[in-house]
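Q: Let me begin by handing over the structure; questions about it come next.
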Amino acid sequence: MTWLETSTENCTVQRTLDLVGEKWSLLLVRDAMNGVRRFDDFRRHVGLSESVLTDRLRKLVAAGIMRTVPYSEPGSRTRHEYRLTRKGWDLWPAMMALKQWGDRYTADPEGPPLEVAHRECGRPVEAVVVCTAGHGALIPPEALTRPGPSAHPATAPAR
């Protein structure tokens, strides 16, 4: 079965984009990865309206990408912080790949606005695609795409 003969109805890329493919959702995940936790801080830093921010955070929590943790300031009512779950942190390599692409093709002439370095040695971090057998970094022609265990044949388009 070739790619064009394979149904995309259960495509995991499409399902992922359904959860985090909207611009504001990814920016909230980005900010959470950089330590933002509170509603007002997200709103101020990302620049979202209260209603859009509420909607996106609710969706990220419902998808299990973030969780809420109660906190209260002295003399104030209990509120919630938003923290990434393991599922949310598993998006880190994808976020790093997006950042890496953006640094290469969309950064200001002076360079990227944010650098990510290895805490131990201080060298830049980069996203790479590797073979699980340890064959190192791959380039696209070295990878083979084939139907997986849940692949279904595409249905013929209606005429």
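The values are calculated or read from the model by the stated rules, or taken from the named source; none is laboratory data. Keep in mind the model is a prediction, meaning the values are calculated, not measured. Cβ: placed from backbone, ideal geometry, glycine included. Neighbour counts: every protein chain shown. What goes into the accessible areas is simple: the full protein's heavy atoms, side chains included, and nothing from ligands, DNA or RNA. Shrake-Rupley method; radii C 1.70, N 1.55, O 1.52, S 1.80 Å.
Q: Quick check on PRO147: is it touching a helix residue (DSSP H, G or I) at 6+ places or on another chain (Cβ under 9 Å) and either of a type in the set (A, V, I, L, M) or open to solvent by less than 80 Å² (accessible area, probe 1.4 Å) (or both)?
A: Criteria met by PRO147.
Q: Okay, moving on. Name the residue, out of SER76, SER72, SER150, that is of a type in the set (Gly, Ala, Ser) and touching a strand residue (DSSP E or B) at 6+ places or on another chain (Cβ under 9 Å).
A: Only one candidate passes the filter, namely SER72.
Q: Additional query: Show me the helices (runs of 4 or more DSSP H) entirely contained within the range 11-69 in which 3 or more residues are surrounded by 16 or more Cβ atoms within 10 Å (Cβ to Cβ) and out of contact with any strand residue (DSSP E or B) (no Cβ under 8 Å at 6 or more places or on another chain).
A: 23-33, 50-62
Q: I'd like the full set of residues that are of a type outside the set (D, E, K, R) and without any contact (Cβ under 8 Å) to a residue 24 or more places away in the chain, limited to the range 76-93.
A: Hits for the range 76-93 are SER76, THR78, THR85.
Q: Which of the residues belonging to the range 70-121 are in a loop (DSSP other than H, G, I, E, B), touching a Phe, Trp or Tyr at 6+ places or on another chain (Cβ under 8 Å) and surrounded by 10 or more Cβ atoms within 10 Å (Cβ to Cβ)?
A: The answer is none; no residue qualifies.
Q: What are the pairs with Cβ atoms under 8 angstrom where one residue, in the range 16-36, is among the basic types (Lys, Arg) and the other, located anywhere, is in a helix (DSSP H, G or I)? Sequence gap at least six, or different chains.
A: Close Cβ pairs satisfying both conditions: ARG30/MET95.
Q: Checking HIS45 against (1) out of contact with any Ser or Thr (no Cβ under 9 Å at 6 or more places or on another chain); (2) in contact (Cβ under 8 Å) with a residue 40 or more places away in the chain, which test does it fail?
A: Condition not satisfied by HIS45: (2).
Q: Related question: Return yes or no: is GLY88 at positive phi, at pLDDT 95 or above and not aromatic (Phe, Trp, Tyr)?
A: For GLY88, the condition - at positive phi, at pLDDT 95 or above and not aromatic (Phe, Trp, Tyr) - is not met.
Q: Another question about this same structure. For the range 124-136, enumerate the residues that are open to solvent by 70 Å² or more (accessible area, probe 1.4 Å) and under 23 Å from the mean Cα position of the chain (by Cα).
A: Across the range 124-136, the qualifying residues are PRO124, GLU126, VAL128, VAL129, VAL130, THR132.
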